[in-house]
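Since the structure comes first, as structure tokens, the remarks are kept for the end.
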Amino acid sequence: MISEIEKDDSKINLALEGELSIYVVDDLNQQLDGYLQNYQAINIDMSNVSELDTSVYQVLLRAKLLSMNNNKELNIDNLNEISQRVFDLYSLNDIFHQTSTGSH
Amino acid sequence: MDDDSQQMFQQECSDLLTDMEDALLLLESNPHDNDQINAVFRSMHTIKGTSGVFSFDDVVNFTHVAESVLDNVRSGKIEIGGDLIALLLECMDHTKILVQLAISEKNITAEDKSKENELLTQLNGYLDSTKDLKEDNSLQEQALVEKEDIDDAVDSKYWHISVRFDHEVLVHGMDPLSFFTYLKKMGNIISLTTIHDQLPLNEDFNPENLYLGFEIVYDSDAEKQQIEQTFEFVKEMCVLYILPPKDSIARYAEMIHALPEDTMRLGEILVRSGAISMDELENALQLQAEPKNSKNTPAPLGEVLIDKKAVHEEVVDAALVKQNQNQNMSKSQRVLRVDAEKLDLLINLVGELVIAGATTNMVAAQLGDEKLLESMSGISRLVEEIRDNALNLRMVQIGDTFNRFKRVVRDVSRELGKDIKLTINGADTELDKTVVEKIADPLMHLVRNAMDHGIESAQDRDNKGKSVQGNLELNAYHDSGCIVIEVKDDGKGLDRDEILKKAMEKNLIADSQVISEKEAFQLIFEAGFSTAAKITNLSGRGVGMDVVKKNIEALRGTVDVESNAGDGTKVSIRLPLTLAIIDGFLVKVGDSSYVIPLDMVHECIDLSDQNSDDKEQGYINLRGEVLPFLKLREYFKEEGPESTHKSIVVVQQGNYKAGFVVDGLLGELQTVIKPMGKILKDLRGISGATILGSGEVAVILDVPNLIQRATQISHRDTVNISNRNSQTLH
């Protein structure tokens with residue numbers, strides 16, 4: 001579901017894989033909360049996602065909003081076709097492309 | 001716009017504007033009457049809606065601003081008072097002008113445009129004041145902004161779908177993605193806006209709950225019901241609004257207009273046209289049933305549907321127009337609107353039928369065939385009934401004409417700084433439509449005169465011990481084949497001596513002339529009598545009292561004045577009920593036939609029975625009463641064979657009686673009044689002519705005029721006799 005690819009003290013690269021649905025969303029949320037607390041910058045690779053539902057999208061959106069509020073960085077990278085379709089549909093790419101404002 | 005639609009639009013606007021005026025005038029006395037406030041709003045709103053259907057943008061743009069102000073009045077954001085009511089009355093007048101311009105496809109004049117700008121500035125002044133209030137209320141503002149955002153997002157060609165799922169929807173295995181994917185199969189999602197305002201960023205967040213809302217702009221040819229069916233599985237777990245494309249408004253309006261014209265409620269009309277689905281109607285009805293406010297008054301269904309974004313306002317307006325039409329249609333079993341020209345044609349034909357009937361009757365009488373006479377008698381009875389019913393078709397109530405004066409009295413009172421109350425009695429009295437139309441101007445002059453010259457200022461009234469508020473009455477009632485219309489005030493009354501003085505100055509009467517009070521008051525109707533010094537802009541409208549009298553006489557009517565100095569004046573107009581056909585009484589004078597309107601014939605007596613001295617003096621003693629008479633032979637200079645056995649036909653109009661001396665009495669007949677030609681129209685004593693069954697022309701007597709002549713002749717003779725007597729005595 002989620003794996004750590006690379007990390008240092010302040011930055012971590014993660015990869016989301018497989019079926020990301022409501023069945024895994026609780027765990028995923030907890031893990032992301034943890035990373036957000038521990039790292040200044042998070043990159044999430046989406047290239048191996050085989051399913052992405054609205055609940056997971058919502059968790060990713062919340063993580064992004066939290067990162068912005070906390071003056072941290074969270075980037076979603078390498079969207080494959082499946083994840084790209086969901087991101088495009090929900091049309092919040094502006095938010096996902098934003099860098100931290102620090103003032104939110 | 002075809003003629004029918006134009007007529008319908010014009011009639012509807014005219015009715016709505018009248019309703020609006022009535023409601024505004026009632027609001028003046030009770031500004032907190034919510035029913036009237038709603039009535040004014042509804043009228044303005046419906047005019048805007050209907051004008052929108054016909055693309056009368058000028059009307060729409062103006063009424064929109066007025067409607068916005070009224071909406072704020074309804075919601076209590078703007079307090080309604082005298083100034084705003086006066087402004088709304090002006091807006092009503094201006095709307096009337098705009099509607100007329102729209103129908104006649106004319107451009108607004110510079111003067112009217114400048115008036116419009118002035119009104120808009122004043123209206124916007126009220127709207128600005130509410131904006132200030134709104135700024136204090138951030139929640140309201142936020143709601144407004146949100147709504148505007150959504151409105152902006154709606155492109156004219158596209159559907160707008162607004163959906164808010166329950167938090168638990170995901171847990172139930174329903175992912176919004178699948179619904180949106182399905183939507184894509186029926187059309188294109190032009191844009192989807194995800195609303196994430198409700199997404200908790202704190203520990204309250206439950207990842208299995210859905211906090212997102214969606215606003216979708218959707219392009220599809222699907223019907224509303226099909227789109228709604230996409231969400232069938234989640235309909236219990238979401239709040240869904242589907243707003244049709246603005247382009248389809250015209251289509252919906254068209255469909256609504258094309259619906260069969262049976263009695264339907266608003267909801268049914270909208271469902272049948274496809275503008276809303278059954279579910280939306282049920283939800284709206286449920287919402288409507290919930291008490292909205294402390295007053296427990298349910299909001300109108302149309303408003304609930306618009307609030308819930310189920311349907312565009314314009315579609316509701318079209319449905320309301322349809323509903324009105326339906327209501328009118330259901331009324332149509334009782335009321336049918338018919339072109340006045342068709343009625344005139346019918347009445348003319350009935351007139352010809354009456355004449356032809358009289359001819360046949362005469363032939364039957366000559367033939368002496370009893371069966372034919374019997375049959376003719378049946379036909380005559382039917383013809384008479386047809387005549388009465390045909391004439392009744394033209395009868396309208398005078399109430400509408402009277403109601404116009406409410407506004408006039410209000411405006412003129414303000415202009416004059418007087419407090420005048422108008423009371424209307426007998427508004428349901430009926431008379432011929434043509435008479436109603438022609439009497440409006442003379443009435444207007446009399447009403448203005450009463451307010452301007454009759455009723456005193458509040459100060460004067462107070463000094464005289466009268467109530468400060470002046471009273472003006474408009475009364476109507478039927479009296480012996482006539483309609484009597486009275487304009488009565490409780491003002492200062494007419495000053496007989498002043499009138500006589502002025503009449504002498506203007507050489508209208510001789511110094512030595514003996515004048516009765518009635519005659520003195522009649523002098524105010526003489527041309528050139530107007531007391532120029534007193535003319536104000538109210539009276540200076542180019543119609544003098546002499547014109548008033550002429551107009552009334554042109555309708556075969558009379559005008560009478562009663563007045564008591566200090567107590568007020570009553571002007572009574574007496575008019576025939578109809579201008580077309582009457583029951584007549586045929587008399588013979590020499591070789592000629594004359595017709596006297598039967599309603600005015602009181603009795604017939606034998607002249608030879610009367611005292612010969614009296615006969616010479618132009619009056620007789622009728623059971624102790626002095627009855628002046630007129631010898632028609634002399635008056636009309638008839639030279640035919642003279643009967644030795646003459647009769648007097650006693651006629652009465654109001655309180656006045658006179659006798660006409662004739663050679664023979666020929667009996668009753670139905671008379672079709674044919675107007676006199678232009679050359680003969682000013683002849684005194686004749687009101688028209690008719691064609692008898694024999695083809696002979698008979699003159700119809702103008703009884704009121706002849707009574708006057710008889711009275712004058714008799715009075716003059718009496719005065720001469722009394723003068724002779726006094727000379728003898730001296």
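Values as computed for the structure displayed
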| quantity | calculated |
| --- | --- |
| Tally of residues being in contact with a Phe, Trp or Tyr (Cβ under 9 Å, 6 or more places away or on another chain) and either assigned to a strand (DSSP E or B) or open to solvent by less than 50 Å² (accessible area, probe 1.4 Å) (or both) across the range A:5-43 | 7 |
| Hey, B:Ile189 open to solvent by less than 40 Å² (accessible area, probe 1.4 Å) and either at pLDDT 85 or above or hydrophobic (A, V, I, L, M, F, W, C) (or both) or not | yes |
| Of all residues making up the range A:69-83, the number that are outside any loop (DSSP other than H, G, I, E, B), more than 10 Å from chain B (Cβ to nearest Cβ) and out of contact with any helix residue (DSSP H, G or I) (no Cβ under 7 Å at 6 or more places or on another chain) | 5 |
| Residues being of a type outside the set (A, V, I, L, M) and in contact (Cβ under 8 Å) with a residue 60 or more places away in the chain - total across the range B:446-470 | 6 |
| When residues of the range B:672-709 are limited to those that are surrounded by fewer than 17 Cβ atoms within 10 Å (Cβ to Cβ) and hydrophobic (A, V, I, L, M, F, W, C), the one farthest from B:Val651 (Cα to Cα) | B:Ile679 |
| From the options B:Arg414, B:Arg410, B:Arg381, residue that is part of a helix (DSSP H, G or I) and over 16 Å from B:Leu25 (Cα atoms) | B:Arg381 |
| Every residue from the range B:61-95 that is at pLDDT 85 or above, within 26 Å of the chain's Cα centre (by Cα), open to solvent by 20 Å² or more (accessible area, probe 1.4 Å) and farther than 21 Å from B:Ala299 by Cα | B:Asp83, B:Ala86, B:Glu90, B:Asp93 |
| Residue check, A:Ile22 more than 10 Å from chain B (Cβ to nearest Cβ) and β-branched (Val, Ile, Thr) | no |
| Which numbered condition A:Gln31 fails, given (1) of a type in the set (S, T, N, Q); (2) at the interface with chain B (Cβ under 10 Å from one of its Cβ atoms); (3) farther than 25 Å from B:Ile189 by Cα | (2) |
| Total residues in the range B:495-525, condition closer than 17 Å to B:Gln708 by Cβ, open to solvent by less than 80 Å² (accessible area, probe 1.4 Å) and assigned to a loop (DSSP other than H, G, I, E, B) | 4 |
| Verdict on B:Leu177 being facing chain A (nearest Cβ under 9 Å), buried (at least 16 other Cβ atoms within 10 Å of the Cβ), closer than 23 Å to A:Lys64 by Cβ and within 57 Å of the chain's Cα centre (by Cα) | no |
| Per-region count, the range B:654-671, residues open to solvent by 20 Å² or more (accessible area, probe 1.4 Å) and polar (S, T, N, Q) | 2 |
| Residue list for the range B:9-63, restricted to those being touching a residue at least 60 places away in the same chain (Cβ under 8 Å) and hydrophobic (A, V, I, L, M, F, W, C) | B:Phe9, B:Cys13, B:Leu17, B:Met20, B:Leu24, B:Leu25, B:Val53 |
| Condition met for B:Glu473 (assigned to a strand (DSSP E or B), acidic (Asp, Glu), within 30 Å of B:Asp83 (Cα to Cα) and touching a strand residue (DSSP E or B) at 6+ places or on another chain (Cβ under 9 Å)) | yes |
| Per-region count, the range B:541-559, residues part of a strand (DSSP E or B) and closer than 11 Å to B:Ile485 by Cβ | 1 |
| Filtered residues of the range B:359-379 (kept if surrounded by fewer than 17 Cβ atoms within 10 Å (Cβ to Cβ) and either in contact with a Lys or Arg (Cβ under 8 Å, 6 or more places away or on another chain) or among the small types (Gly, Ala, Ser) (or both)) | B:Ala365, B:Gly368, B:Ser375, B:Ser377, B:Gly378 |
| Residue, nearest to the other protein chains (Cβ to nearest Cβ), within the range A:44-65, restricted to residues that are part of a strand (DSSP E or B) and free of Cβ contacts under 8 Å to residues at least 40 places away in the same chain | A:Leu52 |
| The range B:176-206, residues that are in a loop (DSSP other than H, G, I, E, B) and under 27 Å from B:Ser220 (Cβ atoms) | B:His196 |
| Test: residue in the range B:704-721 that is part of a loop (DSSP other than H, G, I, E, B), among the aliphatic types (A, V, I, L, M) and at pLDDT below 85 | no |
| Lone qualifier among B:Ala340, B:Ala356 - being at pLDDT below 80 and exposed (fewer than 15 other Cβ atoms within 10 Å of the Cβ) | B:Ala340 |
| Residue in the range A:14-27 that is closer than 23 Å to B:Val169 by Cα and either without any contact (Cβ under 8 Å) to a residue 24 or more places away in the chain or basic (Lys, Arg) (or both) present | yes |
| Every pair of residues 6+ apart whose Cβ atoms lie under 7 Å, when the first sits in the range A:84-97 and is within 11 Å of chain B (Cβ to nearest Cβ) while the second is assigned to a helix (DSSP H, G or I) and surrounded by fewer than 14 Cβ atoms within 10 Å (Cβ to Cβ) | A:Phe87/A:Asn93 |
| Residue that is nearest to B:Asn361 (Cα to Cα), among those in the range B:380-404 that are within 19 Å of the chain's Cα centre (by Cα) and open to solvent by less than 20 Å² (accessible area, probe 1.4 Å) | B:Ile398 |
| Residue in the range B:192-224 that is least open to solvent (accessible area, probe 1.4 Å), counting only those that are over 22 Å from A:Asn29 (Cα atoms) and facing chain A (nearest Cβ under 7 Å) | B:Leu192 |
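The values are calculated or read from the model by the stated rules, or taken from the named source; none is laboratory data. On a predicted model such as this, the values are computed, not experimentally measured, just so you know. Neighbour counts are summed over all protein chains in view; Cβ atoms, including those assigned to glycine, are modelled from backbone coordinates with ideal geometry. Just so you know, the surface numbers come from the protein's heavy atoms only, side chains and all, with ligands and any DNA or RNA stripped out. Shrake-Rupley method; radii C 1.70, N 1.55, O 1.52, S 1.80 Å.
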